[in-house]
Amino acid sequence: MNYMALSGGDLALAALLLVVNGAISLAFRLGLAVSFGVAAVRMGVQLAAVGFVLNFIFAQTSPLWTLLIVLVMVLVAGYELVQRQERRFRSWLAYGLGNATLLLVGGLATLYAVVVVVHPSPWYAPRYIVPILGMVLGNTLTSCSLALQTLTEGAVRERAAIEARIALGATRIEAFATVLRRALNTAITPLLNVMSVAGIVSLPGMMTGQILAGADPAEAAKYQIMIMFVLTGASGLGAFAAAFGGVLLLTDARHRLRLDRLAPSPT
């Protein structure tokens with residue numbers, strides 16, 4: 001497989017598109033120029049560092065290295081999930097929910113994709129586990145974040161209606177039914193949109209990268225289809241787990257609404 005190597009100058013030319021966006025921000029006083037610069041530098045440093053780290057990790061044969069990097073990825077993703085919430089659960093509740101959801105759903109989806117679908121040898125090689133887990137965690141993180149954000153906002157906004165249903169004898173799941181459906185729709189709809197336009201409106205990143213690296217487009221399409229199925233399935237399951245877990249955290253065993261478990265909104 002042949003691929004075109006990129007030089008530092010090539011990356012600088014690509015970065016000119018961000019410079020144009022920064023200039024537009026300055027011209028219209030949007031206040032985003034510094035954000036563009038910080039995000040670009042942060043992304044470049046992070047990806048360059050990851051490239052060097054992965055070169056070392058991929059050269060290892062012990063499954064312990066794979067386990068170590070998996071744990072680091074899950075813990076960081078769980079932290080990011082908490083930080084994305086405007087209305088966060090107090091103390092460790094959200095962090096525990098996020099990590100448990102991402103570890104369970106992300107881990108199972110990745111193992112299924114590697115062991116059952118791709119079945120390389122050895123299956124625990126970081127070259128296969130790490131890239132797939134990274135994509136699964138990224139998509140699942142977004143779905144969980146949307147589900148929890150919509151759920152907590154809906155619980156605060158519809159507090160009176162939820163408590164009225166509970167007072168009439170509804171269980172906590174029944175009382176949250178409307179908010180729960182809205183949260184799941186919000187989390188899952190972007191996944192359906194991505195699947196609907198993949199290949200017609202857009203070429204997904206994995207397929208594009210393989211084609212640029214010299215892979216046969218038909219084979220690249222097969223891998224992309226497999227990844228899309230795994231990502232969408234994992235993200236949907238993650239949204240369900242996060243939403244239902246959020247309902248349990250927002251209520252207690254006596255089916256009472258517990259908004260006191262949410263930290264005050266920063267705004």
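Of the helices (runs of 4 or more DSSP H) lying entirely inside the range 1-108, those carrying at least 3 residues that are in contact with a Cys (Cβ under 9 Å, 6 or more places away or on another chain) are 93-101.
Among residues belonging to the range 213-252 that are of a type in the set (Phe, Trp, Tyr) and closer than 20 Å to ASN99 by Cβ, point out the one that is surrounded by the fewest Cβ atoms within 10 Å (Cβ to Cβ). Across the range 213-252, the extreme among qualifying residues is PHE244.
Annotation: of all residues in the range 94-119 being of a type in the set (A, V, I, L, M, F, W, C) and crowded, with 19+ Cβ neighbours inside 10 Å, the one that is farthest from GLN149 (Cα to Cα) is VAL114. Residues in the range 165-221 that are out of contact with any Gly (no Cβ under 9 Å at 6 or more places or on another chain) and under 19 Å from THR152 (Cβ atoms): ARG165, ILE166, ARG172, ILE173, GLU174, ALA175, ALA177, ARG181, ASN185, THR186, THR189, PRO190. Scanning the range 25-49 for residues that are among the hydrophobic types (A, V, I, L, M, F, W, C) and over 21 Å from LEU11 (Cα atoms) yields LEU26, ALA27, PHE28, LEU30, LEU32.
Let's see how each residue does on (1) at pLDDT 90 or above; (2) in the same structural domain as ARG127 (by TED's automatic domain parsing); (3) more than 14 Å from the chain's Cα centre (by Cα):
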site: ILE69; (1), (2), (3): no, yes, yes
site: TYR79; (1), (2), (3): no, yes, no
site: GLN83; (1), (2), (3): no, yes, no
site: ARG87; (1), (2), (3): no, yes, yes
site: SER91; (1), (2), (3): no, yes, yes
site: GLY96; (1), (2), (3): no, yes, yes
site: THR101; (1), (2), (3): no, yes, no
site: LEU108; (1), (2), (3): yes, yes, yes
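Is it the case, given these coordinates, that ALA221 is more than 27 Å from ARG88 (Cβ to Cβ), under 23 Å from the mean Cα position of the chain (by Cα) and in the same structural domain as VAL105 (by TED's automatic domain parsing)? For ALA221, the condition - more than 27 Å from ARG88 (Cβ to Cβ), under 23 Å from the mean Cα position of the chain (by Cα) and in the same structural domain as VAL105 (by TED's automatic domain parsing) - is met.
The values are calculated or read from the model by the stated rules, or taken from the named source; none is laboratory data. Predicted, not measured: the structure shown is a model, and the values here were computed from it. Note that we place each Cβ from the backbone using ideal geometry, even for glycine, and neighbour counts take in every protein chain shown.
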